[in-house]
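Colleague: Got a structure for you, written out below as structure tokens; questions coming shortly.
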């Protein structure tokens, strides 16, 4: 589903932050992406999400060479990817419900066709009572869960999560991990970038370890 | 696929099978009432308040007002000049200079008779001595006895509208009966008026273009400002797979509405101003100032077609606002991506 061949990335004229990355992310797979701070985890996620272009190498996503994609093509591929960012990126003028439903709205679906699905997911992530609250009044953990719900609501084929349990307590962290596992079982490939060794120890999955810009894969 | 959310075990207890949208209420803040989930009012993706709307409406309204004033004044000047031009063009003056060996009265009568015999002449009337004296009053004062002065005599010639009039034939006929007679067809005046009208129209078009350019620049700045203020929204929309066209349309709706508001306010104010000036003209009719004004610009009233032109112009400026905004939106989206 995702294939990197000798991918390198540098910002401006600086040194390469990612070097000679070659990896495959098969469909339905589950992997943790880890490494020390500054190793390039977020940069790799941004490459996977097509918000960065590699300075060299080849990225093939869903069978398409991303270097050949125009903006509409990138937008179409992004609809198949869900992403959870460290800073949540919720829209402050929309309720939790509206934030989570945003991918459906962008797809042009009628509100009545997804209302139940959104409410169910919000309840599942423990935001049933907060669905009408605006993000500024949500706690960090609640924002995290809302961001995760928004990323998974449209059943993406690939889910990318950057430190998804960084702002929640261990109990909720376990529950969110179960959400990712459930999603993976239903067919979504999952990449979770995390520092949390405890989280990784809870589930036996492939580990992609970034160190000094190079990738080491532990199956 | 709600079932999948329910497939986890243990604490999945809140995955109630009951219809929880039956009575759930959403808190929409102070501005919106609480409504059942069934009838959710979706917040706009780009909040209207985040687009610097009021300032832009004022700018577009002012620009539309100025453009409308320019257009209206150009239409008035053009209309008045055409009217005046038609009047002057249909009237000619025959001047008979005083020559020692000729009888002036006989020459005048001969000229009038010759002119009346020509095709296309509606009227040929000699100015009486009294009328000529009135014309010279500003220079010579009152009480002048013209008989003692070699004052030329005038014959006013009016041409019938729509009938071709051969000015050269008229000159020949007049010269045959009175060698000192010359015909002034006011061509110099007409040419001067034509060039003055042309210059006014050109100046009006130039001002109109400047106003439109200023509008485009203002709208571009406002669009950039709105995009900068809403950059987080644009980024999130990109994250959830929205294309540039989708995002641009969310903003465009606001700008089209703002442009329409500004256009209607500015165009409406200009129409009111012209309506008011028309009333003002009728109030002052009969007074010396009113008469001078009427002599220069006619009735100072826009024809219905003029008002229609102003309305079309207001819509045009709204469309220009939307177009400028759309161009800036796509350019800015390219930069953001």
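Colleague: Quick one: residue A:66 ticks every box in (1) over 21 Å from residue A:18 (Cβ atoms); (2) surrounded by fewer than 20 Cβ atoms within 10 Å (Cβ to Cβ) bar one, so which box is it?
Modeller: (1)
Colleague: Something else about it: Considering only residues that are more than 11 Å from every other protein chain (Cβ to nearest Cβ) and surrounded by fewer than 22 Cβ atoms within 10 Å (Cβ to Cβ), look in the range B:223-245 and name the one that is farthest from residue A:93 (Cα to Cα).
Modeller: Filtering the range B:223-245 for residues that are more than 11 Å from every other protein chain (Cβ to nearest Cβ) and surrounded by fewer than 22 Cβ atoms within 10 Å (Cβ to Cβ), the one farthest from residue A:93 (Cα to Cα) comes out as B:224.
Colleague: Of the conditions (1) away from chain B (no Cβ under 14 Å); (2) touching a strand residue (DSSP E or B) at 6+ places or on another chain (Cβ under 7 Å); (3) not in a strand (DSSP E or B), residue A:22 fails just one. Which one is it?
Modeller: If we test residue A:22 against (1) away from chain B (no Cβ under 14 Å); (2) touching a strand residue (DSSP E or B) at 6+ places or on another chain (Cβ under 7 Å); (3) not in a strand (DSSP E or B), just (3) comes out false.
Colleague: Just one of the numbered conditions (1) more than 7 Å from chain B (Cβ to nearest Cβ); (2) over 22 Å from residue A:161 (Cβ atoms); (3) touching a strand residue (DSSP E or B) at 6+ places or on another chain (Cβ under 6 Å) is not true of residue A:73; which one?
Modeller: Result: residue A:73 fails condition (3) only.
Colleague: Within the range A:45-58, track down each residue that is closer than 18 Å to residue A:159 by Cβ and in contact with a strand residue (DSSP E or B) (Cβ under 6 Å, 6 or more places away or on another chain).
Modeller: A:45, A:48, A:49
Colleague: Could you run through the range A:103-126 and say how many residues are assigned to a loop (DSSP other than H, G, I, E, B) and either crowded, with 17+ Cβ neighbours inside 10 Å or at positive phi (or both)?
Modeller: Residues meeting the conditions: 3.
Colleague: Which of the following residues is more than 30 Å from residue B:167 (Cβ to Cβ), within 14 Å of another protein chain (Cβ to nearest Cβ), modelled with pLDDT of 70 or more and buried (at least 18 other Cβ atoms within 10 Å of the Cβ): B:46, B:51, B:73, B:60?
Modeller: Values: B:51 fails: modelled with pLDDT of 70 or more; B:73 fails: within 14 Å of another protein chain (Cβ to nearest Cβ); B:60 fails: within 14 Å of another protein chain (Cβ to nearest Cβ).
When all the criteria are applied, what remains is B:46.
Colleague: Now for a separate question. Here is a list of conditions, (1) surrounded by fewer than 22 Cβ atoms within 10 Å (Cβ to Cβ); (2) more than 7 Å from chain B (Cβ to nearest Cβ); (3) within 18 Å of the chain's Cα centre (by Cα); (4) part of a loop (DSSP other than H, G, I, E, B), and residue A:89 meets all of them except one; can you say which number that is?
Modeller: Single failed check for residue A:89: (2).
Colleague: Identify the single condition in (1) in a helix (DSSP H, G or I); (2) more than 9 Å from every other protein chain (Cβ to nearest Cβ); (3) farther than 23 Å from residue A:164 by Cβ that residue A:100 does not satisfy, given that it satisfies every other one.
Modeller: Only one criterion is unmet by residue A:100, namely (3).
Colleague: Given (1) at pLDDT 90 or above; (2) assigned to a loop (DSSP other than H, G, I, E, B); (3) buried (at least 22 other Cβ atoms within 10 Å of the Cβ), identify the lone condition not met by residue A:129.
Modeller: Only one criterion is unmet by residue A:129, namely (3).
The values are calculated or read from the model by the stated rules, or taken from the named source; none is laboratory data. This one's a predicted model, so the numbers in the text were calculated from it and none came from an experiment. Here Cβ is always computed from backbone atoms with ideal geometry, including for glycine, and neighbour counts include all displayed protein chains.
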